[in-house]
Amino acid sequence: MTLLRTITKSLIQQSHHRTQLTKKDTEHQNLLRKHRDETDETRRNLQNELTKTQKLLRDAHNRQSVMYDTLVNHKRESLVKHKTRSQILAAELDDVGRRRVGLLRERDREESELRRIEESVKELEDKLQRLLQSQKSGGGGGSSSSAGGAHARKKRRLDEEYEMLLESMDAKRETIAEIDGRLTALAAEKEEKDDEMKVLEGVLVQVLVEQQKMLLEILSECGAAGRR
């Protein structure tokens, strides 16, 4: 009987031990399953976040490409043409400016020469006036025929010189008038090129405003996408 009780007790203990092992194994399996489920959930969440991040990066790259294309290629041909024409106009305006400076210097020289000739004419007129007064004061019977001949020759020489100075003065005035005409033409040419330059600048500003609007629209779409 003692042996039987011992065996029975041992069997009971073994059964209880197996039950405890089974219970612990079940708990362990449940813990593993729970941990695996939590790991799977974490992995899914991380995968979702990674997918969202990748989408955001793709969208950002696409927007960057669109913005770059807007800045570089929006009406590119028109901008290139306007830039080329602007450079040509700037060079032409510089040339007009140089020619104007040259004409103004030439006009100053001609006016200086004209003033010199006018002074010479005034001096010659004074000489002729004195000669006439001298002839009048010596017009009595005491004057010799040789003195009268000398006065006549001197007057003839002064008259010829006077005519030459008058011709030179007229020529200078014509030259100055011609220079003034060229300056007027240059002023008209400059005004025409300035007007064209203003038109080109207006077109450039319009294109830049269009670019700005397009970029603002892209940024607005970015903000809306970010809020979504």
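Can you name every residue in the stretch 147-176 that is closer than 11 Å to residue 121 by Cβ and either among the polar types (S, T, N, Q) or surrounded by 15 or more Cβ atoms within 10 Å (Cβ to Cβ) (or both)?
Across the stretch 147-176, the qualifying residues are 161, 162, 165, 168, 169.
Determine whether residue 206 is among the polar types (S, T, N, Q) and either loosely packed, with under 15 Cβ neighbours inside 10 Å or touching a Phe, Trp or Tyr at 6+ places or on another chain (Cβ under 8 Å) (or both).
Criteria met by residue 206.
Filter the stretch 113-125 for residues that are open to solvent by 60 Å² or more (accessible area, probe 1.4 Å) and within 25 Å of residue 183 (Cβ to Cβ) and give the result.
113, 115, 116, 118
This table checks each residue for (1) in contact with an Asp or Glu (Cβ under 6 Å, 6 or more places away or on another chain); (2) surrounded by 12 or more Cβ atoms within 10 Å (Cβ to Cβ); (3) charged (D, E, K, R); (4) within 30 Å of residue 154 (Cβ to Cβ).
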| residue | (1), (2), (3), (4) |
| --- | --- |
| 81 | no, yes, yes, no |
| 86 | no, yes, no, no |
| 92 | no, yes, yes, no |
| 97 | no, yes, no, no |
| 105 | no, no, yes, no |
| 111 | no, yes, yes, no |
| 127 | no, yes, yes, yes |
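Among the residues of the stretch 194-202, is there at least one that is open to solvent by less than 90 Å² (accessible area, probe 1.4 Å), modelled with pLDDT of 80 or more and among the basic types (Lys, Arg)?
No: the stretch 194-202 contains no residue that is open to solvent by less than 90 Å² (accessible area, probe 1.4 Å), modelled with pLDDT of 80 or more and among the basic types (Lys, Arg).
The values are calculated or read from the model by the stated rules, or taken from the named source; none is laboratory data. The structure displayed is predicted, hence computed values, not measured ones. Every residue, glycine as well, gets a Cβ built from its backbone with ideal geometry; the counts of neighbours run over all protein chains shown. Surface accessibility is based on the protein's heavy atoms, side chains included, excluding ligands, DNA and RNA. Shrake-Rupley method; radii C 1.70, N 1.55, O 1.52, S 1.80 Å.
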